[in-house]
1. Give me the pairs, please: first residue somewhere in segment 230-259 and at negative phi, second residue anywhere and basic (Lys, Arg) and outside any helix (DSSP H, G or I), beta-carbon distance under 6 Å, and either six or more positions apart or on two chains.
2. Please go through segment 64-85 and give me each residue that is at pLDDT below 95 and buried (at least 20 other Cβ atoms within 10 Å of the Cβ), ordered by number.
3. When you go through Leu407, Leu426, Leu372 one by one, which is the residue that is closer than 21 Å to Tyr312 by Cβ and either buried (at least 23 other Cβ atoms within 10 Å of the Cβ) or aromatic (Phe, Trp, Tyr) (or both)?
4. Output the residues belonging to segment 133-144 that are surrounded by fewer than 24 Cβ atoms within 10 Å (Cβ to Cβ) and hydrophobic (A, V, I, L, M, F, W, C).
5. Looking for whichever is modelled with pLDDT of 95 or more and surrounded by 21 or more Cβ atoms within 10 Å (Cβ to Cβ) here; the options are Leu49, Leu31. Which one fits?
6. Failed condition for Ala45, given (1) among the hydrophobic types (A, V, I, L, M, F, W, C); (2) over 22 Å from Leu426 (Cα atoms); (3) outside any helix (DSSP H, G or I), with all others met?
Amino acid sequence: MSNLNVFSMFAGVGGFEVGLSKADKDYYNVLYQNQYEPSRKAQDAFEVLNYRFPDAETIGIDVATIPDEKFQEMRDNGVNMIVGGFPCQDYSVAHTGAKGIEGKKGVLFWEIKRAVENIKPKYLVLENVDRLLKSPTKQRGRDFAVMLKTFDDLGYSVEWRVINAADYSQPQRRRRVFFFVYRNDTNWGKQADEIVAGKQTPESLEDLATNPYEDYIYRKGLFARQFPIKQEPVKGRVAEYDLDGDVVEISDNFTGKVFNTGVMHHGHYYTIDTEPVGDEKPVTLGQIVQPEADVDEKYYLTDETKLEKFQYLRGPKKIERTAANGHKYIYSEGGMSPYDSLDLPGRTMLTSEGSVNRSTHFLHIDGRYRLLTPIEAERLQTFPDDWTKYGKTADGEIREISDRMRLFFMGNALVTGIVERIGIELEKLDK
């Protein structure tokens, strides 16, 4: 059985790579990575990748400028899997005359489409913010339906699940939607055909009465196997649709629901609002913080002004504001705990973690207040300690990465423990 050779798009500092390596470092081979921040002169994340993955080819240019020939080279060199946490933007499409259909400029999902067209991988594993399922506000679910139709047109099926990492033994309350995309002519694609067609031999009398799509979602799909859910929809929320027409028609006319779990198979999607079984114990913030003896004094807050600012930011507020048209209104904000509980998983970490703001983790330990260290931020995302400490420039120079950037990286990363579990199950399916 051949291994899975990976191209990592929008790689950040290698969250997918770390998770797949933890699943089976011999089965998943990262051959190519792409990381580029168009708005930044310093390419710190690229340098971390360059340092951590000396055997992979790290491509440090805008993905939109990677030529088709490079993707074809990847295919010829055996790349058969694409992973990536792509930016969430507007996925609307439009008629463009003789050119057919193309995505709005700057929308990076269409670069995934271009890579798939050239590489034709067996699988993709993608990640995004969960609000993607309900965007845009004025036509909820349209963007996701466009994505599903795009994969359908390319000969792929998709299963998705919104996963809160803390529900599955991880140290952070981080909700993200993950997609497992598989080519229909793979062995797993053919097995999925049998599942959703109800052609598999039933395992029990109960199976005979099960909707085949629900059989896939609740029990037999990749996410069902690794991330168990209760076997009934929340408040009866179930919906299914046929994605009829082309992508432009879907973009113009889609009206439908997309819940947190579902499968799209040959243009038909079935979606259910689900909740986890809830029998996995999360890792708490207190379990991942460093011993105080190992924490540098620079992370402690001794300035009364800063302490007062944190108290203000985390407290309840009612502030009179004036809109652009002169209308006055009261902005209200509820209070939150004065500091983070060590008995719960960490809150969702944001890219602003390195600054003083309401969402910054604020610790109170042994009578002192402090911020997260970069190592603790890495642990919240289940990266190895000091994963982001060093980078390697394009000229080969090894340099130390600033704390501010290390915290920014982790706010932008994913929980590698979730990817590890996806990787464990994908290997089984692939075999």
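The values are calculated or read from the model by the stated rules, or taken from the named source; none is laboratory data. Predicted model only: the values in this text are computed from it and were never measured. Cβ: placed from backbone, ideal geometry, glycine included. Neighbour counts: every protein chain shown.
1. Listed by first residue and then by second, the contacts come to Ala239/Lys257; Phe259/Arg237.
2. If the condition is that a residue be at pLDDT below 95 and buried (at least 20 other Cβ atoms within 10 Å of the Cβ), then Gly85 is the only one that fits.
3. Values: Leu407 fails: closer than 21 Å to Tyr312 by Cβ; Leu426 fails: closer than 21 Å to Tyr312 by Cβ.
Being closer than 21 Å to Tyr312 by Cβ and either buried (at least 23 other Cβ atoms within 10 Å of the Cβ) or aromatic (Phe, Trp, Tyr) (or both) holds for just one of Leu407, Leu426, Leu372, which is Leu372.
4. Correct list: Leu133 only.
5. On the way: Leu31 fails: surrounded by 21 or more Cβ atoms within 10 Å (Cβ to Cβ).
Answer to the selection: Leu49.
6. Every condition holds for Ala45 apart from (3).
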